[in-house]
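All remarks here apply to the structure that follows.
The values are calculated or read from the model by the stated rules, or taken from the named source; none is laboratory data. Just so it is clear, the structure is predicted and the values come from calculations on it, not from any experiment. Cβ sites come from the backbone with ideal geometry, for glycine too, and all protein chains shown count toward neighbours. For the accessible areas, the whole protein counts, side chains as well, though only heavy atoms, and no ligand, DNA or RNA atoms are used. Shrake-Rupley method; radii C 1.70, N 1.55, O 1.52, S 1.80 Å.
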Amino acid sequence: MANWIPLWLHKLSSPPVFYRFAGSLRPWAITLAVLLGVIALYGGLVLAPSDYQQGNDYRIIFIHVPCAWMSLFIYGVMGVAAFIALVWRIKLAEVIAMASAPIGAAFTFITLVTGSLWGERMWGTWWTWDARLTSELVLLFLYLGVIALYHSFEDRRQGARTAAFLALIGIINVPIVHFSVNWWNTLHQGSTIRLLGPSTIATSMLWPLLTMMAATKLYYIASLFGRARVDLLTLESGKDWVRQIAQNEVRG
Amino acid sequence: MNPTRQRRLTIIIAILVAFTVAAALVVYALQQNMNYLFTPSQVQAGDASSYKTFRLGGMVKSGSIQRAGDSLKVTFTVVDAGGAMPVEYIGILPDLFRENQSVIATGHMDGARFVATEVLAKHDETYMPKELKDAMAKAHAGKHIDEASNQDKQQL
C-alpha cells in the first residue's frame, strides 16, 4: 500500500476491522435515519406552507429531490470505490462498490416514479424525452448493468472487477444528469438548491428538504454497511476471523 | 507505488480520459442538434423549418387566451423575448396553464399559426408560500413605480 494513504484508512480496509466498525456504527445510522426521516416528513407534509404556484402538489419534492441527490451521490461513491478496486485491488473497495449498486438503483427508481407522478400533475404528462429525464433513466440502466454484470460471473471477485469497470465508465453520466437542465432546453426546471449562489426556495420549505437529505444519507450508510458486512463474511468464509464469529454465534 | 499498480493506474486513467472526451464531444454535438423545443423567435428565424412536428416553448401572453364557446378549442399567443406565435389547440389543458405561464406545445405549423396536439405547462425552480409571493409582487410593483417616477424626474 502506498504510504500516502493514512494509516487508519489502511487499517479500516482490513475486512475484520471494517466488519466490527460497520457493525457498531450501523444501529446509530439507522436510528438517526428513521428519526430524521419522520421529522422531515412531518415538516414537509404538515408544517411547510403550500406553494404559490403548485399548491399542495409540490410536496412530493420532499421525496423526489433527496432521492435524486442520492441517485447521483451513490453513483459517485460507487465510481470512486470501483476506481480503487481496479487500481489497488482492495477487497473492501470491491464490496463497497457492488453493495452500493442496488441501493443506488432503488433511489433512482424512486426518483423516476415520483418524478413521473409529479409531472402528470404539473406538466400534464407522465413522461417526456427531455435531457434530464432521459439521462436519469440511463443512470438506472447503468446501475442495473453493474448489478447484472456482477452476478454473471461464477467467481465473485472477477465479477466485481468487471462490473467495477462499467461503474467507472458510467460515472461520466453523473455530471450529464446534473447539468442537463443547463446544457439543453428542457421541460424539467433548473436546480433549486445551489451551492454557489442563492437557493430559490423559502426557508420554511428548505429545512425539511435538507433534513430528508441527511436522513437518506444515513439510510444509505446503514444499508451499505449491512450489505457490506454480509458480503465480507461470504468472501472471507474460510478465514479465521469469520470462523471465530461463527463459533461465537453457535455458542451464543 | 509498485510498478503493477502504477501501470493499472495509468491504463485506467487513460481509458477514463478517452471516454470522457468521447462523452464531451457527444454532449457538445447534441447541444447543437438536440433541441427539445424552439422559441417563437427561433421558429420565425427559420430554425425549425426542417422539422414537420416540433415543440414550441414560451410564455402565454396575458390576455391572449380565447376559448371557443361550443368546443374545447383554445387559441392563445406564445411569446418569448423577441417573437410571438399564435397557437391553436383542441383538448384539455394542464392545471398550471394560465396567462404568463411557460408552456411547451407539440405540433406543426399551419401557415403563420401553430397547431398543437399536446400542451404541457412548465414551472420554474422557485418554491415559496403564497403570502411571500404576494408580498414580493407588491414590493416589485412598488419598485416599478419608484423607477417610473425617477424616470419622470429625469425627463423633467
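Which parts of the stretch A:169-185, residue by residue, lose 20 Å² or more of accessible area when the rest of the protein chains are there, as against the chain isolated (1.4 Å probe)? So the qualifying set is A:ILE169, A:ILE172, A:ILE176, A:TRP183, A:TRP184, A:ASN185. Per residue, the accessible area of the protein assembly as shown comes to 53 Å², computed with a 1.4 Å probe over protein heavy atoms only. For the stretch A:145-239, a/c is not less than 1.5, where a ≥ b ≥ c are the root eigenvalues of the C-alpha gyration tensor, and a/b does not top b/c. That puts it in the oblate class. Between the Cα long axis of helix B:3-33 and the first principal axis of chain B there is an angle of about 30°, rounded to the nearest 10. Within the accessible area of the protein assembly as shown, what % is carbon and sulfur when the probe is 1.4 Å and the other protein chains stay in place? Carbon and sulfur atoms account for 63 percent of the accessible area of the protein assembly as shown. Accessible surface buried by the A/B pair amounts to about 3900 Å², both sides summed, 1.4 Å probe.
Shielding by partners for A:115-125, please: the mean number of other protein chain Cβ atoms within 10 Å of each residue's Cβ. All intermediate terms of the calculation are to be shown ahead of the outcome.
Details: counts 0, 0, 0, 1, 1, 1, 3, 7, 9, 14, 7.
Per residue, the average neighbour count from other chains is 4.
Over the C-alpha trace of the protein assembly as shown, radius of gyration and Dmax come out as 26.5, 97 angstrom. Binning the C-alpha pair distances of the stretch A:1-82 at 5 Å intervals from 0 yields a P(r) profile of 3, 11, 11, 15, 17, 13, 10, 7, 6, 4, 2, 0 %, listed from the shortest bin outward. Put a plus charge on the Cβ of each Lys and Arg, a minus charge on the Cβ of each Asp and Glu, and nothing anywhere else: the dipole of chain A about its Cα centre is then about 740 debye.
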